[in-house]
Amino acid sequence: MKILVVGSGGREHAIIWKLSRDSVKHELYCAPGNAGTTGLSTTLDIAAEDINGLLKWAQANRPDLTVVGPEVPLCEGLTDLFQAAGLKVFGPSKAAAQIEGSKIFSKDVMVKGGVPTAFSEKFDDADTAIMYIKGKGGPVVIKADGLAAGKGVYVCADEKSALNAIDDIFVKKVFGSAGTRAIIEECLIGQEASILALVDGRNVVMLSSAQDHKRVFNNDEGPNTGGMGAYSPAPIVTDSLWPFIREEVFERTLAELRRRGIEYKGVLYAGLMLTEKGPMVLEFNCRFGDPETQVILPRLDCDLAPVLMACVDGVLRDEMVKWRKDVCVTVVMASGGYPDKYEKGKVITGLAEAGKLQDVIVFHAGTGLCNGNVVTSGGRVLGVTALGADHASARSKAYKALTYIAYDQAQYRSDIANRAIKFGREMSR
Ligand code: AMP
Ligand code: GLY
C-alpha cells in the first residue's frame, strides 16, 4: 500500500516504524516527518497543518491511505477535504474531531450521553467566571475551550490560582480565539490512565491501556508537558474496569455523536481519572496519544495497515487486533528548559549505539538533520523505548539505552514507570 502519515513527532515515528514492519512492504511517506521517519519513509516538506498542500500532494500521488497523527489538521477538516477528493483517511471528520477541538462540545456530548465526567459550567467572560470562582473557592480545574497544544488546562488548588487562570484566558488572551470560552470543572482525585479505541463508525476496538507522565519533573512535579514518558499496559486499569469503560465511556459517547448525526472513525482517546466512584473522563482526543503510541504500537502483534484500513472501511473486528505479552516503557528525552523556552540545534550522539540494544527502539520526536548530524529541533526530542517481560525490566532497558545518548542540556525524568512497578500487579490484556 502507498501510505501517507501526517505529522512529525514520536507518535508519527512509531506509526511509520510499525507500518514498516508489516508483513507486506508499503510505500511510506511522511509529512513533514523528522530525522527518525526519514530513514523509513520518503519525507515530504509539507507542514501537518497545511491541509491544502497535503491535498495537492495526495491528489497528484493518490495514496491508498492517509494516517493523520496530530489534532490540528483533523480539526481543520483534512479528512473531509480528502474524502471529497475520493481519498481514504484514517482520522475523524471535522465535526467528529470537535470532541477534542472544543472542550464545551465534548462536555456537552458527555453530559447528554450519560458519560461519567466531572461536573462543569461554561463561561464566555471574565466577570461571570470570577463571580463563580469567588462563590466556590478551590480546588477547581479551568480549561480553555479550544485547541491549546496541551497548555489550556489549569488545575487550581485555590481561589488565587483560579483567578490567575481566568486572567490568562479572558484578559491576557494567551490562547487567542481558543480561549474565547472556557469551562470550570470539579477537581477529580485519582490516578490517570489513557484508553485509546479504534472506531470504524460503529465498532469499537479498545487498545491496550497506557499511562502518561504529564508533569515535567520526577514525582509529578512542575508544569504540564506533552508527556515525559509512558508505559503500557497500565496495571491500574484492572480487568473489571474494561466492560465499564467500553459501555459507559466509548459506546455512550459514540451513541450521542450518532444522535447528532456525527459518525466517528479513527482513534478515540479517552483520558480517564480512576476515582473512588469509578472511571471518569477528563478529556477526549481525536487521535493517537503521544507518547502513548510509542508504547502501544511496539506491543501490537499484528500488521497495522490492515487494521487502520478496516477502520476506514467500517469492517473492524476485535479479533483483528493482537497483543504481545511484553510490557513497553518509553522515557522522553527533552530539551533543557522545556516546556518553557529551550534551545534547538544541539547535536545528538549515541543514537546508533542505543538503537542496537536488544528490545530497544529510539523514536524521534523533535529531531532534524543538519550537516549530516541529527540535531534537536523541538521540546520533546526522543522517546527512548524498550520492551521487557515486566515493567521493571522494560524500564531498566530504556534507561540503559538512554545512557548512550547525549546532547547539550538534555532533560528527562528518572521515575518513568515507577508507579506501575509499585502498583506491583503485572496485568495485561
Ligand atoms: P486534559 O488536557 O483535559 O487531559 O487535562 C490535562 C491534565 O489536567 C490531565 O491529565 C489531568 O492531570 C488534569 N485534569 C484535567 N481535568 C481534571 C479534573 N477535572 N480534575 C483533576 N485533574 C484534571
Ligand atoms: N499524551 C497526551 C496526549 O497525547 O494528548
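Laboratory data are not the source of any read-out in this text; all were calculated from the coordinates shown. The structure presented is a predicted model; accordingly, all values stated were derived computationally and were not measured. Using ideal geometry, Cβ is built from the backbone for each residue, glycine included, and neighbour counts are taken over all protein chains shown.
Order these by the 10 Å Cβ neighbour count, fewest first: SER41, SER232, SER177. Before the final figure, lay out each step's value.
Values: SER41 25, SER232 33, SER177 11.
Neighbour counts put them in this order, fewest first: SER177, SER41, SER232.
Work out Dmax and Rg for region 26-106 from the C-alpha atoms and quote the Rg first, both in angstrom.
Expressed in Å, the Cα Rg and Dmax of region 26-106 come to 13.0, 41.
Shape of region 154-208 from its Cα gyration tensor (a ≥ b ≥ c, root eigenvalues): rounded if a/c is under 1.5, otherwise prolate when a/b > b/c, or oblate?
Working: a/c = 4.03, a/b = 1.84, b/c = 2.19.
Verdict is oblate for region 154-208.
Using 0.36 nm times the number of residues separating GLU319 and ALA149, minus their current alpha carbon distance, what extension gain do you get?
Computed gain between GLU319 and ALA149 is 57.7 nm.
What is the fewest-to-most order of THR180, THR253, THR403, THR37 by other Cβ atoms lying within 10 Å of their Cβ?
Final ranking by Cβ density, sparse to dense: THR403, THR180, THR253, THR37.
Projected onto the charge dipole of the chain (+1 at Lys/Arg Cβ, -1 at Asp/Glu Cβ, origin at the Cα centre), which of ILE183, GLY9, MET320 gives the Cα projection farthest towards the positive end?
MET320
What are the chymotrypsin sites (Phe, Trp or Tyr not before Pro) within region 75-133 that DSSP puts in a loop, where the Cβ has at most 14 other Cβ atoms within 10 Å?
Working: sites: PHE82, PHE90, PHE105, PHE119, PHE123, TYR132; in loops: PHE119.
Here the sparse-neighbourhood loop sites are PHE119.
Along the Cα→Cβ direction, 7 angstrom out, place labels at GLU343 and LYS112. What is the inter-label distance in nm?
Placing both labels 7 Å along Cα→Cβ, they lie 5.2 nm apart.
Give me the percent relative contact order of region 1-137, please, defined on Cα pairs under 8 angstrom at least 6 residues apart.
18 percent
Dipole of region 172-248, Cα-centred, from +1 at each Lys and Arg C-beta and -1 at each Asp and Glu C-beta, to the nearest 20 debye?
The dipole of region 172-248 has a size of about 460 debye.
Cross-link list LYS214/LYS400; LYS265/LYS346; LYS214/LYS346; LYS88/LYS214; LYS2/LYS400: which exceed 31 angstrom alpha carbon to alpha carbon?
Listed pairs above 31 Å: LYS265/LYS346; LYS88/LYS214; LYS2/LYS400.
Under a Cβ-only charge scheme (Lys and Arg +1, Asp and Glu -1), can you give me the dipole magnitude of region 256-319 about the Cα centre, in debye to the nearest 20?
320 debye
Please state the charge dipole magnitude for region 245-366, taken about the Cα centre, from unit charges on C-beta atoms (+1 on K and R, -1 on D and E), reported in debye and rounded to the nearest 20.
Numbers: 17 positive and 19 negative charges, 39 e Å.
In total the dipole reaches around 180 debye.
Subtracting the Cα-Cα distance from 0.36 nm times the residue separation, let me have the gained length for THR128 to ASP301 in nm, one decimal.
57.1 nm
Determine how many Å³ per residue the convex hull of the Cα atoms of the chain encloses. Working shown, then result.
Numbers: hull volume 57.8 nm³, N = 429.
Taking only Cα atoms, the chain has a hull volume of 135 Å³ per residue.
Whose amide H sits under 5 Å from the amide H of VAL381, counting only residues 5 or more places off or on another chain, with H placed in the peptide plane?
Counting only residues 5 or more places away or on other chains, the set is MET333, ALA334, SER335, GLY366.
Compute the Cα gyration tensor for region 328-405, then decide on rounded, prolate or oblate, letting a ≥ b ≥ c be the square roots of its eigenvalues: rounded whenever a/c is under 1.5, prolate when a/b is larger than b/c in the other cases, and oblate in all that remain.
oblate
With the Cα gyration tensor of region 268-361 giving a ≥ b ≥ c as the square roots of its eigenvalues, does the rule (a/c under 1.5 for rounded; else a/b larger than b/c for prolate; else oblate) give rounded, prolate or oblate? Don't jump to the answer; show the numbers that get you there.
Numbers: a/c = 2.00, a/b = 1.32, b/c = 1.51.
Oblate.
What percent do you get for the relative contact order of region 366-428 when only Cα pairs under 8 Å and 6+ apart count?
Answer for region 366-428 is 23 percent.
Under the definition of Cα pairs under 8 Å and six or more residues apart, what whole-number percent is the relative contact order of region 161-226? Let's see the in-between values first.
Details: 51 pairs, mean separation 10.5, N = 66.
Normalised by residue count, the contact order of region 161-226 is 16 percent.
Order by neighbour count: ARG287, ARG299, fewest other Cβ atoms within 10 Å first, most last.
ARG299, ARG287
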